[in-house]
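So the structure is just underneath, and the comments pick up after that.
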Amino acid sequence: MSVTYYAGPDGHGQIELAVDDPGHGYLHARVYGGASTDMTLVAGARMAEMLADITAAVLSDESSAWVRGLGLLTAERCRALLPVAQEAITLAVGGTDRYERVYVDQEGVGKLPPLCVNCNEGSGFSGMVTISSQCVEYGHHPYGAGPDARWVD
Ligand SMILES: [Zn+2]
């Protein structure tokens, strides 16, 4: 599930964050009318740096060093970008199965099956479920349900 997020006004200054491979730990960013028209790869620890810079800009009401590199200067734009960046990074880091269980719309609450953190039982994607000796011995451990939650097939 590839997802593209937009923040800011349409046209000049709009920020695009594209997550092409959820769960693979990277995204691409672009600011329309910015320093470059190319998508910039933001991978691994750079995603945390991006989020920290955007958050610092919002809290301090000053420009973001990271965003400045893309050609965007204002804290106001960072305020529009912050919730979008949080969601995009959640998808890039956690993958679609985990993302869908964190960002749930009201119609989807309670409709997804539990997802095992060890073997991915409950995944809506074929090929995601693996064998886990821990699950065989202790049962599945559902994502987002706390440390003591378990279920057994
Ligand atoms: Zn399991």
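Restricting to region 114-128, name every residue that is surrounded by fewer than 14 Cβ atoms within 10 Å (Cβ to Cβ) and among the hydrophobic types (A, V, I, L, M, F, W, C).
Pass one, region 114-128, residues surrounded by fewer than 14 Cβ atoms within 10 Å (Cβ to Cβ): 124-127.
Listed by number, the list holds a single entry, Phe125.
Looking only at region 101-110, count every residue that is within 16 Å of the ligand (Cβ to nearest atom) and either aromatic (Phe, Trp, Tyr) or open to solvent by 80 Å² or more (accessible area, probe 1.4 Å) (or both) and tell me the total. Please lay out each step first, then the result.
Of the residues in region 101-110, the ones within 16 Å of the ligand (Cβ to nearest atom) are 101.
Subsequent filtering for residues that are either aromatic (Phe, Trp, Tyr) or open to solvent by 80 Å² or more (accessible area, probe 1.4 Å) (or both) retains none.
Summing the residues that are within 16 Å of the ligand (Cβ to nearest atom) and either aromatic (Phe, Trp, Tyr) or open to solvent by 80 Å² or more (accessible area, probe 1.4 Å) (or both) in region 101-110 gives 0.
Return the residues of region 121-131 that are more than 7 Å from the ligand (Cβ to nearest atom) and either outside any loop (DSSP other than H, G, I, E, B) or not hydrophobic (A, V, I, L, M, F, W, C) (or both); say none if nothing qualifies. Steps first, please.
So the first thing to find is which residues in region 121-131 are more than 7 Å from the ligand (Cβ to nearest atom), and the list is 122-131.
Those that are more than 7 Å from the ligand (Cβ to nearest atom) and either outside any loop (DSSP other than H, G, I, E, B) or not hydrophobic (A, V, I, L, M, F, W, C) (or both): Gly122, Ser123, Gly124, Ser126, Gly127, Thr130.
Quick one: is Ala149 in the same structural domain as Gly25 (by TED's automatic domain parsing) and either more than 10 Å from the ligand (Cβ to nearest atom) or open to solvent by 80 Å² or more (accessible area, probe 1.4 Å) (or both)?
Values: in the same structural domain as Gly25 (by TED's automatic domain parsing): no; either more than 10 Å from the ligand (Cβ to nearest atom) or open to solvent by 80 Å² or more (accessible area, probe 1.4 Å) (or both): yes.
Taking the combined requirement at face value, the residue does not satisfy it.
Listed here are the residues, each with its yes/no results for (1) touching a Gly at 6+ places or on another chain (Cβ under 7 Å); (2) surrounded by 13 or more Cβ atoms within 10 Å (Cβ to Cβ).
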{"position": "Ala75", "(1), (2)": "no, yes"}
{"position": "Ala88", "(1), (2)": "no, yes"}
{"position": "Gly94", "(1), (2)": "yes, yes"}
{"position": "Leu112", "(1), (2)": "no, yes"}
{"position": "Ile131", "(1), (2)": "no, no"}
{"position": "Tyr143", "(1), (2)": "no, yes"}
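Only one of (1) under 25 Å from Arg98 (Cα atoms); (2) touching a strand residue (DSSP E or B) at 6+ places or on another chain (Cβ under 6 Å) is not met by Gly8, so which one is it?
(1)
Quick one: which of Arg79, Arg46, Arg98 is within 16 Å of the ligand (Cβ to nearest atom) and at pLDDT 90 or above? Walk me through how you get there before you give the answer.
Working: Arg79 fails: within 16 Å of the ligand (Cβ to nearest atom); Arg46 fails: within 16 Å of the ligand (Cβ to nearest atom).
Of Arg79, Arg46, Arg98, the one residue that is within 16 Å of the ligand (Cβ to nearest atom) and at pLDDT 90 or above is Arg98.
For the subset of region 1-39 comprising residues that are in contact with a Gly (Cβ under 8 Å, 6 or more places away or on another chain) and polar (S, T, N, Q), which member is nearest to Val84 (Cα to Cα)?
The extreme case among them is Gln14.
The values are calculated or read from the model by the stated rules, or taken from the named source; none is laboratory data. Keep in mind it's a predicted model, so treat the numbers as computed, not measured. As a convention, Cβ positions derive from the backbone with ideal geometry for all residues, glycine included, and neighbour counts pool all protein chains shown. Surface accessibility is based on the protein's heavy atoms, side chains included, excluding ligands, DNA and RNA. Shrake-Rupley method; radii C 1.70, N 1.55, O 1.52, S 1.80 Å.
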